[in-house]
Every structure is written in C-alpha cells, then in structure tokens.
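See below for the structure under consideration.
The values are calculated or read from the model by the stated rules, or taken from the named source; none is laboratory data. What you see is a predicted model; the values in this text were computed from it and never measured. Here the Cβ positions follow ideal geometry from the backbone for every residue, glycine too, while neighbour counts run over all protein chains shown. Protein only, heavy atoms only, side chains kept; ligands, DNA and RNA dropped before computing areas. Shrake-Rupley method; radii C 1.70, N 1.55, O 1.52, S 1.80 Å.
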Amino acid sequence: MKDGFIKVAAATPDVVVGDCTANADAILALIREMEGEHAKIMVFPELSLTGYTCHDLFLQDLLIEQAKNQLQRILKETEHTDALILVGLPWELRGKLYNVAAVMNRGRLLGLVPKKNLPTYNEFYERRQFTPGHENVEWLGSMVPFGMNLLFCCEEVPRLKVAAELCEDLWVPCPPSISHAACGATIIANLSASNEMIGKDTYRRGLVCQQSASMICGYIYASAGEGESTQDLVFGGHNLIAENGTLLAESRRFQNGIIYSEIDVSRLTAERRRTSTYPDFETACASGSQDGSFAGKTAALSSTMPIGASGWVLGDHVCIPFQLHEEKTELTRTFAPHPFVPEDPATRNQRCEEILTIQAMGLKKRLHHIHASHAVIGISGGLDSTLALLVTVKAFDMLGLSRKGILAVTMPCFGTTDRTYQNACTLIQELGVTFREIRLNESVTLHFRDIGQDMDRHDVTYENGQARERTQVLMDLANQAGGIVIGTGDLSELALGWATYNGDHMSMYAVNCSVPKTLVRHLVRYYADTCGEEKLSAILLDILDTPVSPELLPPENGVISQKTEDLVGPYELHDYFLYYMLRAEFTPAKIYRIANLTFAGKYSEKTILKWLRNFYRRFFSQQFKRSCLPDGPKVGSVALSPRGDLRMPSDASARIWIDEIDKFCVPEESLEESARKHS
C-alpha cells in the first residue's frame, strides 16, 4: 500500500447452480490464491454463492438458508485473511428477498449492500424474485448495516474508501456509484452477472472505463462466467479493473479466473483535488463524527443503531471501518516510458495530426487578429525550429497566405556544423519559404570586444551572447517586415530552463511551448511520413538523426561538440519526471520508484536518481523564465504557461523535494552539470 497503490482483484469462480457448498469451496479456493498474491480487495460476481441463474429457485427457503450458512463458513475461514472481500448472495429481510453484496473483513460481516436497479426487460426478470434495495441504512440484529449508502473506510489508509453496486446499477442513467464517489469513495466494486452477446463486451468495457473517468475513481468489475446455466444465456466472466478512465486489467472472456492490478488511491485523490468542479464532501463529513457516534444524522438512523456499533456519518452515507496490514505493494501495472506519446501507431498518428492542427490554429488566429502576413523564424537545422517552421507553413496555408511571407533565417556562428547548416538551407528551400542567411561571427565578436569577453573563454557569456544576438536579429527583421517572431522552444526545455533568458526564451508567439521533446520527434517523423515529398522527407529524417544541441560551442573536427542530453540528462527521463510530477502529482520518491521499474535495464538506479535530482533543482530554479513566457497554444494535459496551468512563484524553495530525493543513496557522480545557458 506504499505510495497509495492498493492491490485489487476481480475473480470469477466455477459455480454449480444451486450448490452453495460447492460454490463456497470455489470462492475460498480463489481467496487463498488471491491471498498469496497479497490482494487487499477481492471482488466476486453477483449471486456467486448460489449462481446467478437459479431463477425461481431463489424463492426456496432451503437455498436462501444454505447461502447464509455458507457465508458464515466463508467468514469463519477468512478470519486471518487480510483483505476486504465482496461476495454476492440472496438475503431475506422482512419477508422480502434482496440481491446483495456481502462485504467482509478478517472474519467480520461489515455490511450488506442491496441491488437497487432490477432489470425486467429482454432476458432479465429479476423483479420476479427480488425487491429493489434502498439507500437508507438500517441495522440488523447482529449489528450488520444493510443499505446501499455504505462506505467501507480503511483505518490504515484513509484515502481508501470502498463502495459497492451490482450489475444493472451501473447501466442506468444515474448509478448509485455517483453518490458513493461524491461522498468520498475512491474505489467502486461491481458484483455483476452480465451475459454475452455480440459486441456487448466493447460496450461493457467502455461503460466501466467511462464511469471510472467521470467519477475519478478505481472500478473493479467482477462478472459471472462458466458454470452458470446456459439454458438461454452464456456468461463470459468478463472482469475489468479501471482507474480514472484507464483500463488496468481485463480477463479473457469465456475463461474463469482472477485478474489483478494496483489502483492508486493517492493519484485519484490528487486528481479530485485538482478538479475544482468535483463535489466537496468535506461539508457532508461535518454532519457526522468519527468517534463511532452518528451525531447530526436523522433520528430514524440513530435510533436503529445498536449500542457498540462502529461507524460514522459522511453526508447521507454511513462509513464502516475496516483494517488492513500495511505493506509495500508489489507493482504489476506498467507505466509508459513516454507518457506524452501514445504507444499505438494509429493513435499516435491521429494525435500528431491533431497537435499540428492545434498549433497551426493558434498561430492562425494570432496572425489574423493582428492582420499580419509575415512571420520570422530562426532555423538551426534542429528538431524544434523544424517543427515550428512546419507549423507556420500549415498556418499560412490555412489563411491562404503566400509561403513567401515566412522569412526563415539561418544564423551560423561559432558552433554551427555543416550538417545542420545544410539541412536548414535545404528544408527552407523545399518548403518554399523565403530564405535569408545572416552570419553572426562578426557581430558577436564585436559585441564580445565591447564588453571585454575573452573569445577563448567558452563560458555562459560566450554561449548566451550568441543566443541573444540571434533573437535581436529576428526581432529586428520582424519589425522590418511588419510580422511576428515565431518561438521554437519546447515544453521540456521550459521545464528545465534550458533556454537563454531573453534569447531563444523570447518570441512573439511560441508554437511549441507545450510540446515535450519526446513528442517533437514523433511530430516531425509523422510529417516526414505523410508529406508525400521524397526530398523533404529525407531532410526531415536526417534532422531527426542529428543529436540535440544548441550549437554554441565550436565543433570538434566538424562534428557537434555540445550535446544537450550529456549536460542536462536524457529528455525521455525528464519528460517522464515532468508528467508524473505535474500531471499525476507524484512525490519524488514515488517517481523514483516507478522510474526504476519502467527503465530497468536501460538506466541504472544511480543514473535515474542523478537526473531526478537535477530535474527538481532546475525546475524550481528556472521558474523565473516561465513566469514571463510569450503566448502559445496548449496542446496536452501538461503545460507551463504562467497564465494557465502553472502558477508558481519564481522564488519557491525546492528544499523539501530535494530532501526527499537525498534520502536515497546519493550517486557518486556530480549532480551539477555545466552552468551554460543557466542565466
């Protein structure tokens, strides 16, 4: 349960219709198996103690009694099982029969949750045997709460609150899980018996994922499978585990068994905290106390509560405490090494087209608004300026403007290599924009002489002086043309502050400002693959193959001597850190944990720790650059605009984040890279 991860499981036993003893045997066998995998929440299908397809046999006293007896047996045999277990069975109350989920923990029956929505359409006739459940909680003689509005709250992990609904409850316009989540439930368990039909699995999968997304919760769906009567229907045991719209695990249909995953209740809580429109259940909490009493609840509820019953009121729900032994959860779920880049090629291509369009539409609006028909952009032969030029061309095409209104400027200086220079020139030519070359050697040398900078001293002034000279040239050219300067810097560079203040950091519209470096590569590759122009495609592919570099230091034997990733670290790591820090709100320790799993075999733990510390150090120290960013379009869920997604003081301390990182073994290598481009 460390870092908020809770191991959960959905299990489909081999049932024998009407044989409660055999079904209890099967359930207990699966509990033992799940116990061995350290699952802390175990969900079984609807009416799994009897079989869902008993039909009118549910009205038989003997079946109802046997189901209760076998539930007592399961309780007794799970006294030492460290888990919350949910099993379905029929339950008689005041002469009516209910389809319920029995919720158990360490041999205790914590509560009974009845099904509310009983289908009586098509193949379903549940109202023939069962009575719809009700929200209000009442207490049975053995101090067991009965009602839909029950939350099961873990004492050791306060963010773990579990609620239950049954099958059809999910398929209605307003499922009970909505109110459960509004009152704080972070995980919903659904005990189901959903039969198979052509295409129903697709709908079911989408339904579970959508419900987990709209409620920002974990969702465990356990469905009946083989063993149920096939008199008219077939059940496939389609089990699903989802978290906030993402499918974590799915069973193979028509094959009974168990699926596992880990739901991150800390991330769910953080996402709810971030979403200002999510219901505030703190006000509801205030109506009840957590001392075991029901202060503030209706007299009807408090009068039926047996003396000594534990629980408290949370809005219109009753919280029932349960216990779990705290232990580190072994993670089986995976984390994408490139969270900004879809793994599926078709999805990735679709996403690339969408991003290019968003970027171009943003620039199109700006150009149209200021009545500009000219744009100026510096082209280095690197990835970022290439993408910015492609976007600018797309925007001009959308506006019906001549591409000749785009002034693409190459500005060779001390660090420019022949490869990047030739690629820049050819790219400009192939796109049909206006080409201009302005060599900066003389002007930069003169400037260095004016300020007394030694040409042989290749320090931060030597590098940033070139970057600022380039920006000055572009700004002046834009004034001459009556156009705007297009920014080329990307999201990853902004996160690290890898930009010269008032140099490449500044522009009049920054089209790449929310595109991370790992995604820039795919966007350029997508353009190369789809442009339909052989020569342009070849140039783009060679640019993709060129090492990332600002080219501010003299080359060695005509080859780039200054490689960005050697100085600040691999961009795939920094993009990974950025995503899970800002999008998922993970702590440094949690990011370090999952990064070691994700990049095992590629980067050592020492290397990951080194660059993680460097990331946090730079992220905090470089906020002053992000506080005065030019306008630019947001394209994804992570952005750094001071006017939108990240409102952070420039002088915030990184101490508590760095201190957490330093609790781990600090690597021997120096964590301080060159100070180049820092100022």
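Output the qualifying pairs, or none if there are none: Cβ atoms under 8 angstrom, residues six or more apart or on different chains, first residue in segment 32-48 and free of Cβ contacts under 8 Å to residues at least 60 places away in the same chain, second residue of a type in the set (Gly, Ala, Ser). Listed pairs, sorted by first residue: GLU35/ALA83; MET42/ALA9; MET42/ALA11; MET42/ALA83. Output yes when any residue across segment 235-257 is surrounded by fewer than 24 Cβ atoms within 10 Å (Cβ to Cβ), of a type in the set (Val, Ile, Thr), outside any strand (DSSP E or B) and modelled with pLDDT of 95 or more, and no when none is. No, every residue in segment 235-257 fails to be surrounded by fewer than 24 Cβ atoms within 10 Å (Cβ to Cβ), of a type in the set (Val, Ile, Thr), outside any strand (DSSP E or B) and modelled with pLDDT of 95 or more. Quick one: would you say PRO173 is assigned to a loop (DSSP other than H, G, I, E, B), open to solvent by 10 Å² or more (accessible area, probe 1.4 Å) and within 18 Å of GLU135 (Cβ to Cβ)? Spelling it out, PRO173 is indeed assigned to a loop (DSSP other than H, G, I, E, B), open to solvent by 10 Å² or more (accessible area, probe 1.4 Å) and within 18 Å of GLU135 (Cβ to Cβ).
Here is a check on your reading of the model: is ARG267 at pLDDT 85 or above, open to solvent by 60 Å² or more (accessible area, probe 1.4 Å) and not in a loop (DSSP other than H, G, I, E, B)? No; evaluated as a whole, the condition is false for this residue. Only one entry in LYS76, LYS40, LYS68 is buried (at least 20 other Cβ atoms within 10 Å of the Cβ) and basic (Lys, Arg), namely LYS40. For segment 482-513, filtering for residues that are free of Cβ contacts under 8 Å to residues at least 40 places away in the same chain and open to solvent by less than 10 Å² (accessible area, probe 1.4 Å) leaves 1.
All conditions but one from (1) within 27 Å of the chain's Cα centre (by Cα); (2) assigned to a helix (DSSP H, G or I); (3) touching a residue at least 40 places away in the same chain (Cβ under 8 Å) apply to ILE608; the one that does not is (3). Checking each residue in segment 591-605 for being part of a helix (DSSP H, G or I) and either among the aromatic types (Phe, Trp, Tyr) or in contact with a strand residue (DSSP E or B) (Cβ under 7 Å, 6 or more places away or on another chain) (or both) picks out only TYR592. Scanning segment 1-18 for residues that are touching a Ser or Thr at 6+ places or on another chain (Cβ under 9 Å) and over 25 Å from CYS217 (Cβ atoms), we see that the one that is most open to solvent (accessible area, probe 1.4 Å) is VAL17. Taking the criterion of being within 21 Å of ARG626 (Cβ to Cβ) and open to solvent by less than 10 Å² (accessible area, probe 1.4 Å), the residues of segment 447-466 that qualify are GLU463, ASN464.
From the set of residues in segment 433-453 that are more than 14 Å from PHE414 (Cα to Cα) and among the acidic types (Asp, Glu), which is farthest from the chain's Cα centre (by Cα)? Going through the qualifying residues, I end up with ASP450.
Restrict the check to segment 377-398 and report whether at least one residue is of a type in the set (Gly, Ala, Ser), open to solvent by 30 Å² or more (accessible area, probe 1.4 Å) and over 30 Å from THR530 (Cβ atoms).
Taking segment 377-398 and keeping what is of a type in the set (Gly, Ala, Ser), we get 378, 380-382, 385, 388, 395.
Narrowing further to those that are open to solvent by 30 Å² or more (accessible area, probe 1.4 Å): 380.
Right, trim to over 30 Å from THR530 (Cβ atoms) and you get none.
Within segment 377-398, not a single residue is of a type in the set (Gly, Ala, Ser), open to solvent by 30 Å² or more (accessible area, probe 1.4 Å) and over 30 Å from THR530 (Cβ atoms).
Taking the stated definitions as given, is LEU540 over 18 Å from LEU427 (Cα atoms) and open to solvent by less than 50 Å² (accessible area, probe 1.4 Å)? Judged against the criteria, LEU540 is not a match. Of all residues in segment 136-155, count the ones that are at pLDDT 95 or above and either part of a loop (DSSP other than H, G, I, E, B) or over 30 Å from PHE5 (Cβ atoms) (or both). Count: 5. Taken across segment 342-364, residues that are more than 18 Å from VAL511 (Cβ to Cβ), at pLDDT 95 or above and hydrophobic (A, V, I, L, M, F, W, C) do occur, with at least one present. Selection over segment 584-606 of residues that are open to solvent by 40 Å² or more (accessible area, probe 1.4 Å) and not aromatic (Phe, Trp, Tyr) gives a count of 9. Taking the listed residues ASP384, ASP397, ASP418, the one that is farther than 19 Å from MET508 by Cα and at pLDDT 95 or above is ASP397, with no other qualifying.
Evaluation of PHE448 against the conditions (1) farther than 26 Å from VAL391 by Cβ; (2) touching a residue at least 40 places away in the same chain (Cβ under 8 Å) shows that the sole unmet condition is (2). Whether a residue is surrounded by fewer than 19 Cβ atoms within 10 Å (Cβ to Cβ), farther than 24 Å from SER310 by Cα and among the small types (Gly, Ala, Ser) was assessed, and ALA22 passes this test.
Per-residue answers, yes or no, for (1) in contact with a Gly (Cβ under 9 Å, 6 or more places away or on another chain); (2) surrounded by 19 or more Cβ atoms within 10 Å (Cβ to Cβ); (3) in contact (Cβ under 8 Å) with a residue 40 or more places away in the chain:
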| site | (1), (2), (3) |
| --- | --- |
| LEU191 | yes, yes, yes |
| SER194 | yes, yes, yes |
| ARG205 | no, no, yes |
| ALA213 | yes, no, no |
| ILE216 | yes, yes, yes |
| TYR221 | no, yes, yes |
| ALA224 | yes, yes, yes |
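Being assigned to a loop (DSSP other than H, G, I, E, B), of a type in the set (A, V, I, L, M, F, W, C) and either modelled with pLDDT of 95 or more or under 30 Å from the mean Cα position of the chain (by Cα) (or both), is that true of even one residue in segment 55-77? Among the residues of segment 55-77, not one is assigned to a loop (DSSP other than H, G, I, E, B), of a type in the set (A, V, I, L, M, F, W, C) and either modelled with pLDDT of 95 or more or under 30 Å from the mean Cα position of the chain (by Cα) (or both), which makes the answer no. Working carefully through the options ALA360, ALA346, find the one that is in a helix (DSSP H, G or I) and more than 30 Å from LEU401 (Cβ to Cβ). After applying the criteria, what remains is ALA346. Considering every residue within segment 44-62, establish whether at least one is within 30 Å of ALA589 (Cβ to Cβ), out of contact with any Leu (no Cβ under 9 Å at 6 or more places or on another chain), open to solvent by 60 Å² or more (accessible area, probe 1.4 Å) and not hydrophobic (A, V, I, L, M, F, W, C). Among the residues of segment 44-62, not one is within 30 Å of ALA589 (Cβ to Cβ), out of contact with any Leu (no Cβ under 9 Å at 6 or more places or on another chain), open to solvent by 60 Å² or more (accessible area, probe 1.4 Å) and not hydrophobic (A, V, I, L, M, F, W, C), which makes the answer no. Does MET581 qualify as being within 30 Å of GLY4 (Cβ to Cβ) and open to solvent by 10 Å² or more (accessible area, probe 1.4 Å)? Here the answer is yes, as MET581 does meet what is asked. Can you tell me which residues in segment 615-638 are open to solvent by less than 10 Å² (accessible area, probe 1.4 Å) and part of a loop (DSSP other than H, G, I, E, B)? Passing the criteria: GLN622, VAL638.
Give segment 400-430 a look and list any residue that's assigned to a helix (DSSP H, G or I), over 26 Å from VAL444 (Cα atoms) and either of a type in the set (Asp, Glu) or open to solvent by 50 Å² or more (accessible area, probe 1.4 Å) (or both), or say none. Result: ARG403, LYS404, GLN429, GLU430.
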